[in-house]
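Below: the structure, in structure tokens.
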Amino acid sequence: MAVKKTVGMYPAFDRSGTSTRASHYCAGCGHGIIHKLITEAVTDLGIADRVVMANPIGCAVFGYYYWDVGNIGAAHGRAAAVCTAVCRTCPEAIALAYQGDGDLGAIGFNCTFQAANRGERMATFFVNNGTYGMTGGQMAPTSLEGQKTATTPLGRDVLNDGYPLHVCEVINQLTAPVYIERVSVADTRRIMDARRAIRKALELQRDGKGYAFVEILSPCPTNLGMDAVQAAQFTNDKMEREFPLGVLRDQSATATARPAAPAKPGPAAFFTSNPDGATDAAPDPSFAEQRLKFAGFGGQGILSLGLYVAEAGRFAGRYTTWFPSYGPEQRGGAASCSVVVAGNPVGSPAVDHADVVICMNLPAYERFAKDVRPGGWLIVDASVPIAEKPVGVQFVSFPAIQFATERGMPRSANAVMLAVLAASGATGLDRRVMEQALAASFQKKPSLIPKNLAIFAAAYQQAGG
Ligand code: SF4
């Protein structure tokens, strides 16, 4: 008898190295059967070009070596999040999550639970073999009471380890799912039932009718320490007693196509709106990207100082980011922020090697002065005791705190430092946009605008601007 390969699977399983195995799955494993059932249904329903599988971590991960459909490798437990993104951004796509019990029932449970609660337009195939297969047979959420695993060598003790997790039953508490069923692939009769359930889940997705969840009991002979026949028997006798097969919910006959979630405004709606008259950023490769770090104590206006500069960049029509870092204390702890001002969209708001570092106290200096790139700018408050002037950088020491305090505005030391920065010419942002940003930050306290602009002007002059 000629046994044909399933249409819809890649013709060969290519492995690196010298292995000649036809599959990476162990003999007697249920994964291969489930792969075939899914593939046959996808092919028969004619949806292969629409299917996107999310393959997370575990023995399930290598599905993308077999399924000739769209495949995305997902982070551990996060297949439902990937499917959510797929079905929301690509209305024509059919998003399928294929996950094991460790991945779905433990690490990613909330991710799956929330996707089910939202009724995402996706199907989840949950392969329950009662163990973490890929990593060596540790206890999984679905391991049976008394089951010996790598991490429960004396057997799962429910007082210590909790009870086996009934995922279908938990999902069945939710309103949104359309179809929930538990099946098995431990023998031929059960495989035929699993075939029907998988097809139903896929038909629902083909028709856009909403969330489907199919749990599939599957033997894992390797980690049970059994041969294929014994593992199948264990699945039939022991696992089914804990996880009864059957339909928990089937609304497929009455469900209608689920409308797409209404479009929400994207990030552009929040970040390109400039009600204060600034122009939207436009690409300008001639403007060299500036990466700045500001640091000092909480309460010194460090975060505001960084924000002034980011806002100044915005008023100059540049792309900017502002990335604050808070210490655990509300006041007096370390505070720092990173700012990037660029002529092109910013890849990362984190600043490790800075063009400019501004330090308002000694701890900030000790921590961040080393991060200035060679030839960059290191600007410190003059209260910072520095034994030796740093070499290889452009160094400025200015008594910003004293300058502001002597003028009765101790809280405006950051505005003074902004002026010093403007006078240095280190950022490519001119005085005009710095002042514009400073004034804009006091929109809710307009009486402070002239005072801060005045101290800015005085400091700018004193700093040689
Ligand atoms: S370890 Fe278990 S689940 Fe993984 S491939 Fe082998 S039998 Fe299948």
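The values are calculated or read from the model by the stated rules, or taken from the named source; none is laboratory data. Please read these numbers as outputs of a predicted model, since none were measured by experiment. Positions of Cβ are generated from backbone atoms using ideal geometry, with glycine treated the same way; all protein chains shown enter the neighbour counts. Ligands, DNA and RNA are stripped out before the accessible areas are found, and what is left, the full protein with its side chains, is counted by its heavy atoms. Shrake-Rupley method; radii C 1.70, N 1.55, O 1.52, S 1.80 Å.
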### Query
Of everything in the range 222-233 that's within 12 Å of the ligand (Cβ to nearest atom) and either modelled with pLDDT of 95 or more or over 38 Å from the mean Cα position of the chain (by Cα) (or both), which residue is surrounded by the most Cβ atoms within 10 Å (Cβ to Cβ)?
A231
### Every residue from the range 37-56 that is within 16 Å of the ligand (Cβ to nearest atom) and open to solvent by 10 Å² or more (accessible area, probe 1.4 Å)
L37
### Query
Pairs, please: C-beta under 7 Å, at least 6 apart or cross-chain, first residue touching a residue at least 12 places away in the same chain (Cβ under 8 Å) and in the range 172-193, second open to solvent by 20 Å² or more (accessible area, probe 1.4 Å) and β-branched (V, I, T)?
E181/V247; V185/I33; V185/I191; I191/I33
### Query
closer than 19 Å to F13 by Cβ and not charged (D, E, K, R), is that true of C59?
yes
### Task
Return yes or no: is T112 within 16 Å of the ligand (Cβ to nearest atom), over 23 Å from A48 (Cβ atoms) and among the β-branched types (V, I, T)?
no
#### Entry: Residues (open to solvent by 40 Å² or more (accessible area, probe 1.4 Å) and hydrophobic (A, V, I, L, M, F, W, C)) located in the range 182-202
M192
### Task
State yes or no: is A457 touching a residue at least 12 places away in the same chain (Cβ under 8 Å) and open to solvent by 10 Å² or more (accessible area, probe 1.4 Å)?
yes
### Task
Could you list all residues from the range 154-178 that are touching a Ser or Thr at 6+ places or on another chain (Cβ under 9 Å) and either part of a loop (DSSP other than H, G, I, E, B) or within 16 Å of the ligand (Cβ to nearest atom) (or both)?
G155, R156, P164, L165, H166, V178
### Hits in the range 370-406 - residues which are under 39 Å from the mean Cα position of the chain (by Cα) and open to solvent by less than 20 Å² (accessible area, probe 1.4 Å)
V372, G376, L378, I379, V380, D381
### Task
Evaluate the following for L159: is it surrounded by fewer than 21 Cβ atoms within 10 Å (Cβ to Cβ), assigned by TED's automatic domain parsing to the domain that holds G77 and without any contact (Cβ under 8 Å) to a residue 12 or more places away in the chain?
yes
### Query
What pairs can you find where one residue is in the range 209-238 and within 15 Å of T188 (Cβ to Cβ) and part of a helix (DSSP H, G or I), the other is within 10 Å of the ligand (Cβ to nearest atom) and open to solvent by 50 Å² or more (accessible area, probe 1.4 Å), and their Cβ atoms are less than 8 Å apart, with a gap of 6+ or different chains?
A228/A27
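To keep it simple, each residue is scored yes or no on (1) under 19 Å from L45 (Cβ atoms); (2) aromatic (F, W, Y); (3) out of contact with any Asp or Glu (no Cβ under 9 Å at 6 or more places or on another chain).
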{"position": "R182", "(1), (2), (3)": "no, no, no"}
{"position": "A197", "(1), (2), (3)": "yes, no, no"}
{"position": "E203", "(1), (2), (3)": "yes, no, yes"}
{"position": "R206", "(1), (2), (3)": "yes, no, yes"}
{"position": "Y211", "(1), (2), (3)": "yes, yes, no"}
{"position": "I216", "(1), (2), (3)": "yes, no, yes"}
{"position": "P219", "(1), (2), (3)": "no, no, yes"}
{"position": "Q230", "(1), (2), (3)": "no, no, yes"}
{"position": "F234", "(1), (2), (3)": "no, yes, yes"}
### Task
Can you confirm whether the range 417-429 contains a residue that is open to solvent by 20 Å² or more (accessible area, probe 1.4 Å) and more than 40 Å from the chain's Cα centre (by Cα)?
yes
## Note on the structure
Within the range 128-144, residues farther than 24 Å from E181 by Cβ and β-branched (V, I, T) come out as T135
### Query
In the range 292-317, what residues are open to solvent by 40 Å² or more (accessible area, probe 1.4 Å) and either free of Cβ contacts under 8 Å to residues at least 60 places away in the same chain or part of a strand (DSSP E or B) (or both)?
F297, G299
### Query
Within the range 64-85, can you find the residues that are more than 16 Å from P11 (Cβ to Cβ) and more than 19 Å from the chain's Cα centre (by Cα)?
G70
